[in-house]
Amino acid sequence: MEEEDDKKYGEAIKYDPEFAGPLKNRSCTDIICLLLFLAFLVGWGVVTGFAVYGGDPERLLYPTDSEGRVCGRGEFVNKTYLLFFDLTRCASPKVIATGCPTPQVCVSKCPSENWFYTGGETEADRTKLICRDNVNPMDTSKNVKDLVINGHCAFYYVESRSLAGRCIPIVDGALEFGDKIIKNVDQENIDSEILTKASHYLAKFYKTKEVAEGVFQDVQRGWWVLLVGFGVAMVISFLWILLLRFISAFMIWFSIVAFLLLSGFGAYYTLNKYLTLRGTSNATFSDMSEMEQEFSLEFSRYAELETTWLVLFIITLVILVVCLFVLIFLRKRIAIAVALIGQASKAVGSIMSTLFFPLVPYILQLIFLVLFCGVAVLLASAGKANYRIMCKSEAGCDCPAYKENDTCSMETFDAALCPNASCQFFDYVEDPKVPWFHAYNLFALFWSMFFVSAFGEMVLAGAFASWYWVFDKSKVPTFALSMSLGRTLRYHTGTLAFGSLIIAIVRMIRVILEYIDHKVKQKTDSKIIRALLCCCRCCLWCLEKFLKFINRNAYVYCAIYGKNFCVSAKNAFSLIMRNIVRVVVLDKVTDFLLFIGKMVVVGGIGVASFFIFSGEVPGVGPHLPEMNYYLTPVIIITIGTFFIASAFFDVYAMAVDTLFLCFLEDCERNDGSAEKPYFMSKDLMHILNKKNKDVDKED
């Protein structure tokens, strides 16, 4: 019965006395896919050119005044804040759709006192005025009353602070203007209630912008901190795999213990935080004024919510328990897997250049990532200024020439035709092609990153295969890595493009489903639709993992035999299925142990960055740049560390996978006799209960 099952996946590989590792005579594979990839990169260049031409990243950093000019730039380089002449005009739900119909000007600082126009014409009254940039309040030829009535200067302002670059009033209690009661153009009293209401709608209008602007500002201010974090991650990852070469058994067992301790500490810390914040989790938030609460986004206060720490506690506890059970059930297999990693370390030791090779794909991926981020920011800031008609009164503009919310032009607008209307900047209108360019940019990131990852896997596979397929392991080809690099670049970049394209398509579909799920959450509460989407996302995640497994082994097979992607994937999959028990028992256990080591590095740096940026490490805070959200560098450094550690740990993971696939083929080709001896080392024979009957090999 077992023989019939094996035949479903093809015949076992026959003995070939001339086979001695990666074939030298080979031809180019999957050329069409290579041409398609190159054409796609050219298209990415076109998208980049459009983004550079139309983008203006400073729009994300600073607000824009009523005339479409960016605060903090050019003539307003020292005026980085936006002031609303009459914030009460924003106290309407339609602000979310139409914007705030009051003049908005750039100022160097937000007002630090309450003031309103009392009808005076003295020099003291003029010095208090905040006016449009083309108006000189000290010009005595102009009447102060006219300046205020015509909207050239603000007729009142209150003590404010900057939130999201806008001057938002501080009105914790009653609003004092001496013993006077002032009214806006709609004859409404200007008091704390109406200003709070205005801030509420402004917060909704600017809410999405605040996150993007805050994060972008954090990256701009703390870029050097991020680079230091990435550098530390790279050094630790390199030292880890270097030690793994010399003391592999100790490092693996140390990783297991460290991972359990790290998970245990995470569970303890999150539980302690939850218990501490329970009942007082909203204390910090309640201390803020109502306006600040409206402008304070969830992202900036996640760490102050007890629910956040409860969820993190449950996650870390589940991880700890699951890993404990897995380690207990696999305890007998772990020793064998550790020995197998030890053999991989010998292969790495024989080809020491493989320890430094991860720098190549790491730098390439970093270049593609920086390109993606740059294009994304430029595309997000691309667009033309859009101006709308704003009526000075809630009753409307009261003129046939202009209707509220109609588009207008600053050059052609005639205020004389409608004194109650003004043409003001509303927002930036993006080109209809921009959303498609965003999608193109994202897919380009996926394809390029997966291509570079596949490139590293195939180069390493060719080098380690050269080590395996020699009897005397001390006589490995001198330039095994360079030769593998040359074969990959010369013959198989098309195969890399083919394999990475498949994974990129699946990943893009997953992103689209995530987007659909996000929209469904906003529009419906249907549990059936949500459940179906969840099932689809889960299936696609499993499909991506399966395809990555197939691709990885296909690259190993291609590195050895030089076949195209489809043939390599078919042959590698058939070989694995004929030996599925060995694959599950040994190969996957070693992958799990290496994954634990990688998580120790990622978790350690993530925890360290959290304590540093949250201010729990004394003496460090004054040397760090001011951040809008201290979680921004923590999240970016942790994610970056994961990719950096993956690049370095993939050396051993690729060594294990390559040696294991070669071992399976060795067992099918040879039987250990004098005519057909095994190529595997003596230690590997001992680990896997194999031996050569009449051949004495050197280790």
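A few remarks follow.
- Looking only at segment 251-272, residues that are over 16 Å from residue 314 (Cβ atoms) and either of a type in the set (A, V, I, L, M, F, W, C) or at pLDDT 90 or above (or both) come to 11 in all.
- Of the residues making up segment 206-250, those that are assigned to a helix (DSSP H, G or I), modelled with pLDDT under 85 and among the small types (Gly, Ala, Ser) are 212, 214, 248, 249.
- Residue 573 vs. criteria open to solvent by 30 Å² or more (accessible area, probe 1.4 Å) and under 32 Å from the mean Cα position of the chain (by Cα): no
- Residue match in segment 458-469 (condition: part of a helix (DSSP H, G or I), closer than 18 Å to residue 564 by Cβ and without any contact (Cβ under 8 Å) to a residue 40 or more places away in the chain): no
- Single residue of segment 428-469 satisfying the filter (open to solvent by less than 30 Å² (accessible area, probe 1.4 Å) and of a type in the set (Val, Ile, Thr)) that is nearest to residue 678 (Cα to Cα): 459
- Whether a residue is farther than 21 Å from residue 424 by Cα, modelled with pLDDT under 85 and open to solvent by less than 20 Å² (accessible area, probe 1.4 Å) was assessed, and residue 126 passes this test.
- Residues of segment 330-360 satisfying the condition of being aliphatic (A, V, I, L, M), surrounded by fewer than 18 Cβ atoms within 10 Å (Cβ to Cβ) and not in a helix (DSSP H, G or I): 330
- Residue list for segment 401-427, filter: open to solvent by 60 Å² or more (accessible area, probe 1.4 Å) and either free of Cβ contacts under 8 Å to residues at least 12 places away in the same chain or not basic (Lys, Arg) (or both): 404, 406, 407, 410, 411, 412, 414, 416, 417, 419, 420
- Every condition in (1) among the small types (Gly, Ala, Ser); (2) modelled with pLDDT under 80; (3) touching a Cys at 6+ places or on another chain (Cβ under 7 Å) is met by residue 160 except one, and the failing one is (2).
- Taken over segment 410-445, the criterion of being farther than 30 Å from residue 40 by Cα and at pLDDT 80 or above is satisfied by 423 alone.
- Screening the candidates 110, 131 for the property of being at pLDDT 85 or above and out of contact with any Ser or Thr (no Cβ under 9 Å at 6 or more places or on another chain) yields one hit, 131.
- When 647, 608 are checked against the criterion of being of a type in the set (A, V, I, L, M, F, W, C), assigned to a helix (DSSP H, G or I) and modelled with pLDDT under 85, a single residue qualifies: 647.
- Residues satisfying the stated conditions in segment 118-141, i.e. under 27 Å from residue 68 (Cα atoms) and assigned to a loop (DSSP other than H, G, I, E, B): 129, 130, 132, 133, 134, 135, 136, 137, 138, 139
The values are calculated or read from the model by the stated rules, or taken from the named source; none is laboratory data. Everything quoted here is computed from the prediction, not taken from an experiment. A quick note on method: Cβ atoms are made from the backbone with ideal geometry, for glycine too, and the neighbour counts reach across all protein chains shown. Please note that ligands, DNA and RNA were not included when accessible areas were found on the heavy atoms of the full protein model with its side chains. Shrake-Rupley method; radii C 1.70, N 1.55, O 1.52, S 1.80 Å.
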